[in-house]
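This report refers to the structure that appears directly beneath it.
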Amino acid sequence: MLDAFKGPKVDKVVFIPSVAITLFLAVYFVINPEDSLLKLSAVFTYMTDDLGWTYVWFTLAAFASALYLIFGKYGKRKLGDEHDKPDFSTFSWIGMIFTASTGSSLLYWGMIEWIYFWKSPPLGAEAGSWQAAELASAYGMFHWGFTAWAMYAVVSIAIAYAYHVKKKPILRLSEATRGILGDRVDGPIGKAIDIFFMFGLIGGVTTSMGLGTPMLTAGICKLTGLEHTQTLEIIVITTWTLSIGFTLLFGLERGIRRMSDLNIYLAFGVLGFLLFFGGHFLFIVNHTTSAVGTIFQNFMIMSFWTDAVGQSKHPQWWTVFYWAWWVVYAPAMGLYIAKISRGRTIRQTVLGSVFWGTLGSWIFFAILGNHSMGLFLSATRPESFSGPALNVIEIFDNVGVSWAIVESVAAAPLGSIVLAAFVLLAFISMVTGQTTIAFTLASVCTKELKEEDEPARWNSFFWALVLGSISVSLLLFNALQPLQTTSIVAAFPLMGVLILVAISFFKMIREDDKEAEKAAGK
C-alpha cells in the first residue's frame, strides 16, 4: 500500500489546469444552475437538431473503419513487439473492456429504455402497438451495439499503435495525433486536447452517477424499508467513491482485473436467474430473436434516420444523444483498451471491443428489458400473456424510473434475494466503470508511462475523489444537469479530434509500411 505514493511523475501542465477548470465550472454551476442549464441546453439543442447529421456520418465512418481494421491488411499487425504476449487472459481482458465501458448505466437503460420507445416509438410506429414493441427492444440494442463499440475500437487502435508499436511512453489522446500535428503535440495544442477531453469525460461520469445513484438507493430502500432521501444518495456516492479509490490502490492487475472478473460472474448469476427462473423465458428468447432481426433488417434505416419530414425529434433526442455520449467516452475507453491490449493483434483488439462488447450489451438489454416488458404485458394483457405480472409503466409514470427498475427485479421469484444481488451488481458495476475512468485520467496526467508501468496510485485515487466530490456537491445543489449537458456539448469538437486521431494512425502505419518495404528492398 506504501507503493501508492510512488510511481511516475505527474505532468503539472495537464494536471493543474484540468482540475482548476473542472472545479471552476462546477462552482459556477452550483451558483447558477438554472441559468447555466438554460444556456447549455440551447447550445445542445442546436448541436443535436442542426448538427445531428454530423454525428450520424461520423459514427458510420467509425463503423466502416472498424470493419476495415478487422478484414483489411492491417488486421494481423501486433500491438507491440513480435515476441510480446498478452498481459491478461482473454476472459479477463474481455471482462475488463466490457465492465469498464458500461457501469450501472447498462442496468438502468437495459431494464427501462423500452418504455420510452413503447410510449413514443420511432419510425412512425403507433404507440403501444406490436410494431412499437418490436422497435422498443431493437432500438436499445442498436444504441448499445456495433456502431457505438466501433468508435471505442478505432480510437483504441490508434492510441495503442502509438503507445505499443511506436513506443511513445505517453498514454494520452494528443499523442495519437502526432502523425498529423507533429511536434506541436508537445506544446499548447496537445495539452489543450488532453485537458478538453478530460473535462468532457468528467461530465460524462456525472451522467452515469446521476442515473445509477437513484436506482441503487431505491434498491436499498426496497430491501431495508429506509426512506429514499438525498442524504442516503450522498452516502451511496461516498461509499462508491471510497470503493473506487481503494480498488485503484491495488492497481490494474490486483484491483481492476479482479473487480471486473467479479462483476462478470455476478452479472451471469443475476441475468441467468431472470432468464431461466423469472417466469418469462419464452417471451425473452422469442422477442430478442425478433429484435435482432429488426436490427439487421433495418440497420441502415436506423443509422441514417433523421426524420427531416416528420420532425418528431426522436433521432435527435435518442440516437444523436447516444452517439454524442459515446464520443465523449471514446477517448477514455481508447486509452484504457490500448493500455491493456499489448501483445494482441489489431484484429483481435477490434473484435474484442466490437463483437464481445456488443454481445454483452445485447444480453443485458435482451434479458432485463424483455423481463420488464413481459411483466407489463402479463399485467395489461393477461388473456395473451402469462407469468409474473407488474404494470411497470404505471410505476414508471407515478413513482419514477428508479422504482420501476427496482420493482421489476423484485417481481421475479425470490424477489428479495434477486434484488439484493442486483443492487450488489449495480454497485460493483459502477465501481469497475469509474475505476477505469479515474485510472485513465491519471494516465493522461502522467509525464511518462512506460508499457509496464501504471500511473501513481495516489494520482488515480485523487481522481476518484474528484469525481465523487463533484457528484456530491452538484447533487446537493441540484446542479448535476448543467455539467452533464456540458459533456454532451463537448462531444461535437471532440469529433474533430477523433478524426485527427484516425487520420494520424493510418498515416503512421502506411509510412511504417513504406519504410519496411524500402528496408526489405535493400
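Evaluate segment 169-183: report whether one residue or more is polar (S, T, N, Q) and touching an Asp or Glu at 6+ places or on another chain (Cβ under 9 Å).
yes
For residues in segment 428-460 being β-branched (V, I, T) and in contact with a Leu (Cβ under 9 Å, 6 or more places away or on another chain), which is farthest from L173 (Cα to Cα)?
Among them, the one singled out is I428.
Residue-by-condition table, conditions (1) farther than 19 Å from L359 by Cα; (2) charged (D, E, K, R); (3) surrounded by fewer than 17 Cβ atoms within 10 Å (Cβ to Cβ); (4) at pLDDT 95 or above:
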| position | (1), (2), (3), (4) |
| --- | --- |
| I235 | yes, no, yes, no |
| T239 | yes, no, yes, no |
| F246 | yes, no, yes, no |
| R258 | yes, yes, yes, no |
| A267 | no, no, no, no |
| L275 | no, no, no, yes |
| V285 | no, no, yes, yes |
| Q297 | no, no, yes, yes |
| H314 | yes, no, no, no |
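Can you list residue pairs whose Cβ atoms sit under 7 Å apart, with the first residue in segment 23-40 being among the β-branched types (V, I, T) and surrounded by 15 or more Cβ atoms within 10 Å (Cβ to Cβ) and the second being in a helix (DSSP H, G or I) and at pLDDT below 85? Count only pairs 6 or more apart in sequence or on different chains.
V30/S473; V30/L474
Conditions (1) within 27 Å of A426 (Cβ to Cβ); (2) free of Cβ contacts under 8 Å to residues at least 24 places away in the same chain; (3) of a type outside the set (V, I, T), marked per residue:
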position: G269; (1), (2), (3): yes, no, yes
position: L275; (1), (2), (3): yes, no, yes
position: A291; (1), (2), (3): yes, no, yes
position: T294; (1), (2), (3): no, no, no
position: M302; (1), (2), (3): no, no, yes
position: W305; (1), (2), (3): no, no, yes
position: K313; (1), (2), (3): no, no, yes
position: P331; (1), (2), (3): yes, no, yes
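If E134 meets every condition in (1) part of a helix (DSSP H, G or I); (2) within 30 Å of M259 (Cα to Cα); (3) among the charged types (D, E, K, R) apart from one, which number is that one?
In the conditions (1) part of a helix (DSSP H, G or I); (2) within 30 Å of M259 (Cα to Cα); (3) among the charged types (D, E, K, R), E134 misses (2) alone.
If you take just the helices (runs of 4 or more DSSP H) that sit entirely in segment 3-92, which of them hold at least 3 residues that are at pLDDT below 90, under 26 Å from H164 (Cα atoms) and aliphatic (A, V, I, L, M)?
Filter on segment 3-92 gives an empty set.
Which one of these is in contact (Cβ under 8 Å) with a residue 60 or more places away in the chain, under 23 Å from T238 (Cβ atoms) and either aromatic (F, W, Y) or out of contact with any Gly (no Cβ under 9 Å at 6 or more places or on another chain) (or both): M215, M209?
Answer to the check: M215.
For the subset of segment 114-131 comprising residues that are part of a loop (DSSP other than H, G, I, E, B) and out of contact with any Pro (no Cβ under 8 Å at 6 or more places or on another chain), which member is nearest to H371 (Cα to Cα)?
Top of the filtered list is G128.
If you go through segment 191-206 one residue at a time, do you hit one that is of a type in the set (S, T, N, Q), free of Cβ contacts under 8 Å to residues at least 12 places away in the same chain and out of contact with any Cys (no Cβ under 9 Å at 6 or more places or on another chain)?
no
Residue by residue through segment 390-424, note down the ones that are touching an Asp or Glu at 6+ places or on another chain (Cβ under 7 Å) and either among the charged types (D, E, K, R) or surrounded by fewer than 16 Cβ atoms within 10 Å (Cβ to Cβ) (or both).
If the condition is that a residue be touching an Asp or Glu at 6+ places or on another chain (Cβ under 7 Å) and either among the charged types (D, E, K, R) or surrounded by fewer than 16 Cβ atoms within 10 Å (Cβ to Cβ) (or both), then no residue fits.
Could you list, in sequence order, the residues of segment 74-118 that are of a type in the set (F, W, Y) and within 14 Å of the chain's Cα centre (by Cα)?
F98, Y108, W109
What single numbered condition from (1) at pLDDT 95 or above; (2) surrounded by fewer than 24 Cβ atoms within 10 Å (Cβ to Cβ) fails to hold for Y108?
Only one criterion is unmet by Y108, namely (1).
Can you tell me which residue in segment 113-132 is surrounded by the most Cβ atoms within 10 Å (Cβ to Cβ), limited to those that are closer than 17 Å to V392 by Cβ and among the aromatic types (F, W, Y)?
The qualifying residue surrounded by the most Cβ atoms within 10 Å (Cβ to Cβ) is W114.
Is one or more of the residues making up segment 423-433 without any contact (Cβ under 8 Å) to a residue 24 or more places away in the chain, under 14 Å from L223 (Cβ atoms) and assigned to a helix (DSSP H, G or I)?
The answer is no; no qualifying residue exists.
Could you run through segment 455-478 and say how many residues are buried (at least 24 other Cβ atoms within 10 Å of the Cβ) and in a loop (DSSP other than H, G, I, E, B)?
Adding up the residues that qualify gives 1.
Could you grab me the full set of residues in segment 235-251 that are under 10 Å from V431 (Cα atoms) and in contact with a Leu (Cβ under 7 Å, 6 or more places away or on another chain)?
Within segment 235-251, T241, G245 meet the criteria.
In a helix (DSSP H, G or I) and in contact with a His (Cβ under 6 Å, 6 or more places away or on another chain) - does that describe any residue in segment 220-232?
Checked against the condition, which is being in a helix (DSSP H, G or I) and in contact with a His (Cβ under 6 Å, 6 or more places away or on another chain), segment 220-232 yields at least one hit.
Here is a list of conditions, (1) in contact with a Lys or Arg (Cβ under 8 Å, 6 or more places away or on another chain); (2) surrounded by fewer than 19 Cβ atoms within 10 Å (Cβ to Cβ); (3) part of a helix (DSSP H, G or I), and E451 meets all of them except one; can you say which number that is?
Result: E451 passes all but (3).
For H143, indicate whether it is surrounded by fewer than 24 Cβ atoms within 10 Å (Cβ to Cβ) and at pLDDT 95 or above.
yes
The values are calculated or read from the model by the stated rules, or taken from the named source; none is laboratory data. Nothing here was measured: the structure is a model prediction, and the numbers come from that model. Glycine also receives a Cβ, built like all others from the backbone with ideal geometry; neighbour counts cover every protein chain displayed.
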